[in-house]
Amino acid sequence: MMKQYIADAFTDRIFSGNPAAVCLPDAWPTDLLMQQLAKENNLSETAFAVREGADYRLRWFTPAGEIDLCGHATLATAFVILTEKEPQADTVRFHTKSGLLTVRRSGEYFEMDFPAYPLPPVPVTEAMTDALGIRPQEAYLARDLLLILDSEEDVRKLKPDMEKLAALDGLSVGVTAKGSGYDCVSRVFGPKCGIPEDPVTGSTHCMIAPYWAEKLGKDTLLAWQASARGGELRCRVAGDRVTLSGKAVLFSVAELNL
């Protein structure tokens, strides 16, 4: 038997934010089993964390494969550890494919220290325009492809072609624009990962936050991801690091029949 938690991240109520499955086994399952669980859960990510001394090693799996960084599943994992497993603690450290990630509890929020992605510009192409159905103003490519749109309305109304998006460079495709009630709004699509649209994406904000910090001349931002579920991210940019803060709520606890 293995216990599995599902927590909604970047929200304070269930049925919003981004749900992630969290497994905290005593020892590592096989890679095949972790991938099978991720595919069975069919959520954006299933996270696995195993204690190593005072810290944890953390891995993330989409339905299509393992990835190197995930924000909402890190938030969900920290939330589960710091509320369900170790409520006396206020900090948890994760060793990951993206280095050491530290999460601190601050009131109702969980503050995640993440690496900032670089913002190398790339040409706006007809393929991007064809996939989105609208021409981006700018394009940047790191792990993900980030496309800048003219307006918040463009972001919210976007109905991209998933097959054409999957043919673009980058693991995921993020779109963003300046917000009205928020500093910026965004949406993120991950057809290559088996995720047509990700509800709230911490890792892509490692590009979005540095972009808007420079454009707006401020290092603290309030961001909204305008998916159907929606989610709020508090972002702080400091050099090559980004602090992403959000709330989380527990949806379910299950015993897996393994």
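Looking across A213, A139, one residue alone is part of a strand (DSSP E or B) and either farther than 23 Å from T11 by Cβ or in the same structural domain as N42 (by TED's automatic domain parsing) (or both). It is A139. From L132, L171, L149, L119, which residue is touching a Ser or Thr at 6+ places or on another chain (Cβ under 8 Å), of a type in the set (A, V, I, L, M) and touching a residue at least 24 places away in the same chain (Cβ under 8 Å)? Exactly one of L132, L171, L149, L119 is touching a Ser or Thr at 6+ places or on another chain (Cβ under 8 Å), of a type in the set (A, V, I, L, M) and touching a residue at least 24 places away in the same chain (Cβ under 8 Å), namely L149.
All of L158, L101, L132 fail the test of being surrounded by 17 or more Cβ atoms within 10 Å (Cβ to Cβ), of a type outside the set (D, E, K, R) and not assigned by TED's automatic domain parsing to the domain that holds C184, apart from L101.
Considering F114, F94, which residue is assigned to a strand (DSSP E or B) and within 18 Å of D144 (Cβ to Cβ)? Break it down stepwise before answering.
Details: F94 fails: within 18 Å of D144 (Cβ to Cβ).
Residue meeting the stated conditions: F114.
Selection of region 9-47 for residues being within 18 Å of V249 (Cα to Cα), over 14 Å from the mean Cα position of the chain (by Cα) and among the aromatic types (F, W, Y) yields only F15. Every listed requirement among (1) surrounded by 16 or more Cβ atoms within 10 Å (Cβ to Cβ); (2) over 30 Å from A54 (Cβ atoms) is met by V92 save one, (2).
The values are calculated or read from the model by the stated rules, or taken from the named source; none is laboratory data. What you see is a predicted model, and the numbers here were worked out from it, not measured in a lab. Note: ideal-geometry Cβ built from the backbone for every residue, glycine included; neighbour counts use all protein chains shown.
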